[in-house]
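Working notes, structure below.
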Amino acid sequence: MKIVVVKNYDELSKLGAEIIASKIKENPACTLGLATGSSPIGTYQNLVRMYEDGKISFKDVKTYNLDEYCGIERTHPQSYYYFMHDNLFNHVDIKEENTHVPYAAPGGNLDEEAKKYTAELNKTTIDLQLLGIGANGHIGFNEPGTPFEQETFVVTLTDKTRQDNKRFFNSIDEVPTHAMTMGIANIMRAKSILMLISGTNKADTVVNLLKGKVTTDFPASVLNNHPDVTVIIDEAAYSKMN
Ligand code: GLP
């Protein structure tokens, strides 16, 4: 695991975008695995700026998102489908048909959709997977206890995760109880992985990631088994390592 400590969220976002942009320049038809949450927002803003400045194009880029809440419409402002359009897709030249977000809206057959997503993922290879990390070590929505062999599935969110994500909703009752997520096995098949960790609220998480052992109790620890992982950490998140 390559660890890069940067000053703050701005620096993290610039470096995150540079790494993704160089992947796109190296292979303009690359496949990216994308993440949501607060951690990648600045990275997406920098990528949009690079696109506007003519430095990169998403014309032939394909994307697969990690996860989606179950039971809310794609038009819901907190759906990850909406998030991706709002923060990236609507502002660059990516083709809608080249973007993929798990489908977990009301009325869908969720288990069937999860199987379809795994089948799609198995037809492709993700060149670079972007990841955030939950305070409890979750990646995507793979909560503690998820087997490392897991493929895309529907997960019951922990109370901790629902509390952490409450800030985006009007009340805890509105936070979905379930989500569909790429499994750990899907994530680990990416050729390279870029994880972004920012803020004091992730300081203990960073200690667990960097000093803990590989265990399903802390899903992100599986990244120690991957040959090409870069973790960008800002000083606030790294503060308990000193
Ligand atoms: C959510 C997402 C994760 C994300 C995590 C951390 O639960 N499913 O993919 O990494 O939150 O989010 P944040 O970056 O807002 O701390």
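Some notes on this structure:
- Number of positions in the stretch 215-226 that are open to solvent by 10 Å² or more (accessible area, probe 1.4 Å) and over 14 Å from ASN136 (Cα atoms): 3
- When the strands (runs of 3 or more DSSP E) confined to the stretch 1-98 are screened for residues that are of a type outside the set (Val, Ile, Thr), those reaching at least 3 such residues are found at 31-34, 62-65, 67-69.
- The stretch 119-158 - residue that is assigned to a helix (DSSP H, G or I) and open to solvent by 20 Å² or more (accessible area, probe 1.4 Å) and, of those, nearest to the ligand (Cβ to nearest atom): GLU120
- Pairs are defined by a Cβ separation below 7 Å, a sequence spacing of at least 6 or placement on different chains, a first member in the stretch 141-166 that is over 14 Å from PRO219 (Cβ atoms), and a second member that is open to solvent by 40 Å² or more (accessible area, probe 1.4 Å) and among the acidic types (Asp, Glu); the pairs so defined are VAL154/ASP111.
- Index of the failed condition, MET182 passing every other in (1) over 14 Å from GLY132 (Cα atoms); (2) of a type outside the set (Gly, Ala, Ser); (3) touching an Asp or Glu at 6+ places or on another chain (Cβ under 7 Å): (1)
- The set of residues in the stretch 99-118 that are of a type in the set (A, V, I, L, M) and in a helix (DSSP H, G or I) comprises LEU110, ALA114.
The values are calculated or read from the model by the stated rules, or taken from the named source; none is laboratory data. Please read all numbers here as calculations on a predicted model, not as lab measurements. Every residue, glycine among them, receives a Cβ derived from its backbone with ideal geometry; neighbour counts consider all protein chains shown. Please note that ligands, DNA and RNA were not included when accessible areas were found on the heavy atoms of the full protein model with its side chains. Shrake-Rupley method; radii C 1.70, N 1.55, O 1.52, S 1.80 Å.
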